[in-house]
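Q: Take this structure first; my questions come after.
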């Protein structure tokens, strides 16, 4: 499968429940109230991993310069909120599922800003969600662009040039090799890439593309991460069928009623040799 293969050829029908109406609202309240009953939790797992990777990059850089992070499929800036602020995912659920003054969100996050905050650029096709993240002060650069279907704008190209770390928690499958190819074409050097990928979705074509760019991809062994519960029996059956097609069993994983994700981290070969992923995390 070539680097430019469309995901549709690899996974034509996930059978996932559509929640399109919650992804591009002016405010994240509907998003959180919809996903809370399903135990949506992958950003919580991402918080610890991304903070560890950002700190590793910071200590390697000159004078501990904050790393430049690009969050793909950034949505309402949730990963940026958890990376750069003293909040948990439970805190966000509590805030966004209760009555609140949305105009106070920027002050809420500013008061909780970590002194070691990274510079985060967010990219997502959902223009209203990106606008919210920008308005709440969660992003240093906000871009409502689709890198699967077109080249980045000049402004986004400039913002991507100094990227140190790319993060993705739920986007693989909606974005695929075209996005990563266009992103890598903008960077001065290949960045680290950390992606949580549902086990129903193939990551091999992306890893192959990153290898061509000089990055080694490691999958964290002996551990998967819950994303959310299956919304109904139909979704569960479709996930199990997709896993069977990939030759993957569900015992101890999706049997618990949740989608499970693998963690993949891609870095230059010398850095992988010096500090393997299991030691880094």
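The values are calculated or read from the model by the stated rules, or taken from the named source; none is laboratory data. Everything numeric in this text was worked out from a predicted model, so none of it was measured. FYI the Cβ positions are ideal-geometry reconstructions off the backbone, even for glycines, and counts take in every protein chain you see.
Q: From the residues in segment 111-128 that are farther than 26 Å from residue 65 by Cβ and over 15 Å from the mean Cα position of the chain (by Cα), which one is surrounded by the most Cβ atoms within 10 Å (Cβ to Cβ)?
A: 128
Q: Report yes if some residue within segment 64-87 is part of a helix (DSSP H, G or I), surrounded by fewer than 16 Cβ atoms within 10 Å (Cβ to Cβ) and on the phi > 0 side of the Ramachandran plot; otherwise report no.
A: We begin by selecting, within segment 64-87, every residue part of a helix (DSSP H, G or I); these are 64, 78-84.
Next, only the ones that are surrounded by fewer than 16 Cβ atoms within 10 Å (Cβ to Cβ) stay: 64.
Remaining after also requiring on the phi > 0 side of the Ramachandran plot: 64.
Yes, because at least one residue in segment 64-87 is part of a helix (DSSP H, G or I), surrounded by fewer than 16 Cβ atoms within 10 Å (Cβ to Cβ) and on the phi > 0 side of the Ramachandran plot.
Q: Quick check on residue 56: is it in a helix (DSSP H, G or I), surrounded by 13 or more Cβ atoms within 10 Å (Cβ to Cβ) and out of contact with any strand residue (DSSP E or B) (no Cβ under 6 Å at 6 or more places or on another chain)?
A: Working: in a helix (DSSP H, G or I): yes; surrounded by 13 or more Cβ atoms within 10 Å (Cβ to Cβ): yes; out of contact with any strand residue (DSSP E or B) (no Cβ under 6 Å at 6 or more places or on another chain): yes.
Answer is yes for this residue.
Q: Anything in segment 229-270 that is under 29 Å from residue 214 (Cα atoms) and touching a strand residue (DSSP E or B) at 6+ places or on another chain (Cβ under 8 Å)? List them, or say none.
A: 260, 261, 262, 263, 264, 265, 266, 267, 268, 269 - these are the residues of segment 229-270 that are under 29 Å from residue 214 (Cα atoms) and touching a strand residue (DSSP E or B) at 6+ places or on another chain (Cβ under 8 Å).
Q: Looking at 217, 273, which one is farther than 27 Å from residue 33 by Cβ, at pLDDT 95 or above and not in a helix (DSSP H, G or I)?
A: Details: 273 fails: not in a helix (DSSP H, G or I).
Only one candidate passes the filter, namely 217.
Q: Kindly list, by first and then second residue, each pair from a residue in segment 220-243 that is in a helix (DSSP H, G or I) to a residue that is surrounded by fewer than 18 Cβ atoms within 10 Å (Cβ to Cβ) and modelled with pLDDT of 95 or more, limited to pairs with Cβ atoms under 7 Å and residues at least 6 apart or on different chains.
A: Here the result reads 240/250; 243/250, each pair linking segment 220-243 to a residue that is surrounded by fewer than 18 Cβ atoms within 10 Å (Cβ to Cβ) and modelled with pLDDT of 95 or more.
Q: Out of segment 146-170, which residues are buried (at least 22 other Cβ atoms within 10 Å of the Cβ) and closer than 21 Å to residue 200 by Cα?
A: Those that are buried (at least 22 other Cβ atoms within 10 Å of the Cβ) and closer than 21 Å to residue 200 by Cα: 167, 168, 169, 170.
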